[in-house]
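Student: Before I ask anything, here is the structure I am working with.
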Amino acid sequence: MKHPSRQKQSAAGFRAKRPEAVPLLDLSRQYLAIRQDVLVAIERVCASQHFILGEEVAAFEQEVASVTGATSAVACASGTDALWLALIAVGIQPGDAVLTSAFSFFASASAIARAGARPVFADVDPDTLNLDAGRARAKLETSRPDIRALLPVHLYGQCADMDALQKLAEEFKVPIIEDAAQAIGAAWRGRRAGSLGLAAAFSFYPTKNLSAYGDAGLVTTSNVEYAEHMRHLRNHGSAKRYYHDEFGANSRLDAIQAAILRVKLPHLDEWNSQRQARAAIYERLFRESGLVDAKGSSPIRLLHVSPHARHVFHQYVIRATRRDELRAFLTERKIGTEIYYPVPLHLQDCFAYLGYRERDLPEAELAAREVLALPMFPELTEDEQGWVAESIADFY
Ligand SMILES: Cc1ncc(COP(=O)(O)O)c(C=O)c1O
C-alpha cells in the first residue's frame, strides 16, 4: 500500500495525510491477509476433484445457517437466483403480486418478474432508504388480495423496520422474504438477517461483506420443506438424477467458491465491526467539519441508523446536495464513489408495463438524485477517510 504523505491543512481544519487515491473498495488488502488460507482451501478442492455441491458446499451451508440463526441454508449460483428460489419455494405463482422497495438493486424486482409475478413497488423511508412500512400498508390495503409476499431489502447493510413489517405480514397474512443480499451479519433487535422472515436471500458477489471469487448466493429458511424444495429447484427441479418433477434451474454452488467462503466466514464479524468503526469515523469527521448538522440544513446528510439495527455498512452512503458535481470533484482527486442507485426500480424501462410514472414514489426518486456511496471496507485507513472528508469539505 502506498500512501505518500503530504500533510495538508484544509479550510475545514483537517490534517489528513494525502493518499494518492482512495478506492471505493480494495479487495487486494483482504487477500493479502488471508491468501495462504485461501490457497490451501482451493488446493483442497482441487485435490478432491469434486467441484459442484458436495461436502464443501454442505459444510458452508451449515456454517451460514448457524451464523444467521436459520435452521437451513441452500447455496446457489447468485443472490439473484437465491431470491427466485425463495419466491418459488414459498409458493409465489404466475399472476401473484409481490410488494418490494422501489429503491434497490434491480434483482429485488427482476426475481419477482422471473417467478411470473408482478412487482408492486412501495416508497422508502427517507431517513434510512429502506421500505417504508406505512407506505407498504397503503399498497396492501389497495392491492390485496393479489399481494402474496413482502420482499423488504436490507439496504446498504441495515435491516428494514422489521417490527412494523412483521406486524403487516401478520395482519395481511403474507410471508416475508428478506432480500439480505447486502446484509450478512446484520441484525434487528439482536436477531440476525436471514432469520427474520420465512426465507432470506444472500449474495456473495465479490463486492459483498462476505464475498466469493466469482458469483455465489444462498437462501436461509427455518422451514425444512422449503429448503428441500429449493435443493431440487437449484438442480433442474430434480430429486433423483435424470427424473424431473418440475422446471428448475442450474443454480448450484461451486465447491471452490464454498471453500473460499468458508475461509472468510470466521472473519465476518470482525470485518463488520471494522466497517462500523469506519462509519463512526466518517460521522465524527463530518460533524467536526460542520458538513452535517442536527438541523438538516447542511450540504450533506447522513442516513439514520435505527437503535434496533446492527448495521453492517455494506455501503457507506450519504445524501449530498449538488451530488453529481461533488462526485466529479472526488473523481478528479481519485477518490472512488458510486451511485446506488441512479434509477429507482419503478422507473426502469423494463417495468414500463407496470404503468408507474415519475413522481409516483417521490422519496425513491429524490434518493436516486442525492445518494453517494463513499469508500468503505474494513481495511480503509484513517488517513484515507480523513482525505475523503477533507475533499468533501473542500468542495463545499
Ligand atoms: C439488494 C440486492 N439484491 C440482490 C442482489 C443480487 O445478487 P447477485 O449479484 O449475487 O445476483 C444484490 C447484489 O448485487 C443486491 O444488492
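The values are calculated or read from the model by the stated rules, or taken from the named source; none is laboratory data. In this text the structure is predicted, and so the values were computed from the model without any measurement. Counting neighbours? That spans all protein chains shown, and the Cβs are built from the backbone with ideal geometry, glycine included.
Student: Being of a type outside the set (A, V, I, L, M, F, W, C), crowded, with 19+ Cβ neighbours inside 10 Å and out of contact with any Pro (no Cβ under 8 Å at 6 or more places or on another chain) is the filter here, so list the residues in region 176-196 that pass it.
Tutor: Those that are of a type outside the set (A, V, I, L, M, F, W, C), crowded, with 19+ Cβ neighbours inside 10 Å and out of contact with any Pro (no Cβ under 8 Å at 6 or more places or on another chain): Gln182, Gly185, Arg192, Gly194, Ser195.
Student: Which ones in region 67-104 are assigned to a strand (DSSP E or B), under 24 Å from Ala136 (Cα atoms) and within 16 Å of the ligand (Cβ to nearest atom)?
Tutor: Val98, Leu99, Thr100, Ser101
Every residue, every condition in (1) assigned to a helix (DSSP H, G or I); (2) touching a residue at least 24 places away in the same chain (Cβ under 8 Å); (3) within 30 Å of Gly95 (Cβ to Cβ), yes or no:
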position: Leu330; (1), (2), (3): yes, yes, no
position: Tyr341; (1), (2), (3): no, yes, yes
position: His346; (1), (2), (3): yes, yes, yes
position: Tyr356; (1), (2), (3): no, yes, yes
position: Arg359; (1), (2), (3): no, no, yes
position: Ala364; (1), (2), (3): yes, yes, yes
position: Leu372; (1), (2), (3): no, yes, no
position: Gln385; (1), (2), (3): yes, yes, no
position: Ala393; (1), (2), (3): yes, yes, no
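Student: Quick one: is Val74 β-branched (Val, Ile, Thr), at pLDDT 95 or above and closer than 21 Å to Glu246 by Cα?
Tutor: Criteria met by Val74.
Student: Please tell me if Ser48 is away from the ligand (no atom under 16 Å from the Cβ), polar (S, T, N, Q) and over 25 Å from Glu178 (Cα atoms).
Tutor: yes
Student: So, in region 218-244, exactly how many residues are in contact with a helix residue (DSSP H, G or I) (Cβ under 8 Å, 6 or more places away or on another chain), surrounded by 14 or more Cβ atoms within 10 Å (Cβ to Cβ) and free of Cβ contacts under 8 Å to residues at least 60 places away in the same chain?
Tutor: Residues that pass the stated criteria total 1.
Student: Let me ask you something else. What are the residues in region 28-70 that are of a type in the set (Val, Ile, Thr), under 26 Å from the mean Cα position of the chain (by Cα) and surrounded by fewer than 16 Cβ atoms within 10 Å (Cβ to Cβ), if any?
Tutor: Of everything in region 28-70, those that are of a type in the set (Val, Ile, Thr), under 26 Å from the mean Cα position of the chain (by Cα) and surrounded by fewer than 16 Cβ atoms within 10 Å (Cβ to Cβ) turn out to be Ile34, Ile52.
Student: Can Lys295 be described as of a type in the set (Lys, Arg), closer than 30 Å to Met376 by Cβ and at pLDDT below 95?
Tutor: Judged against the criteria, Lys295 is a match.
Student: Would you be able to tell me the number of residues in region 302-317 that are outside any strand (DSSP E or B) and aromatic (Phe, Trp, Tyr)?
Tutor: Final tally of qualifying residues: 1.
Student: Now, a different point. Which ones in region 105-114 are more than 9 Å from the ligand (Cβ to nearest atom) and surrounded by 23 or more Cβ atoms within 10 Å (Cβ to Cβ)?
Tutor: Ala109, Ile112
Student: Which residue, of Arg275, Arg252, is in contact with a strand residue (DSSP E or B) (Cβ under 6 Å, 6 or more places away or on another chain) and either within 26 Å of Glu379 (Cβ to Cβ) or touching a residue at least 60 places away in the same chain (Cβ under 8 Å) (or both)?
Tutor: Arg252
Student: Go through (1) within 17 Å of Thr128 (Cβ to Cβ); (2) of a type in the set (A, V, I, L, M); (3) within 16 Å of the ligand (Cβ to nearest atom); (4) over 23 Å from the mean Cα position of the chain (by Cα) and name the single condition Ala249 misses.
Tutor: Answer for Ala249: the failing condition is (1).
Student: Test Lys264 against the criterion of being in contact (Cβ under 8 Å) with a residue 60 or more places away in the chain and in a loop (DSSP other than H, G, I, E, B), and give yes or no.
Tutor: In short, no.
Student: Any chance region 97-109 includes a residue that's of a type outside the set (Val, Ile, Thr) and at positive phi?
Tutor: No: region 97-109 contains no residue that is of a type outside the set (Val, Ile, Thr) and at positive phi.
Student: Okay, next question. Under the condition of being surrounded by fewer than 19 Cβ atoms within 10 Å (Cβ to Cβ) and not aliphatic (A, V, I, L, M), which residue from region 300-320 is farthest from the ligand (Cβ to nearest atom)?
Tutor: Here the answer is Pro307.
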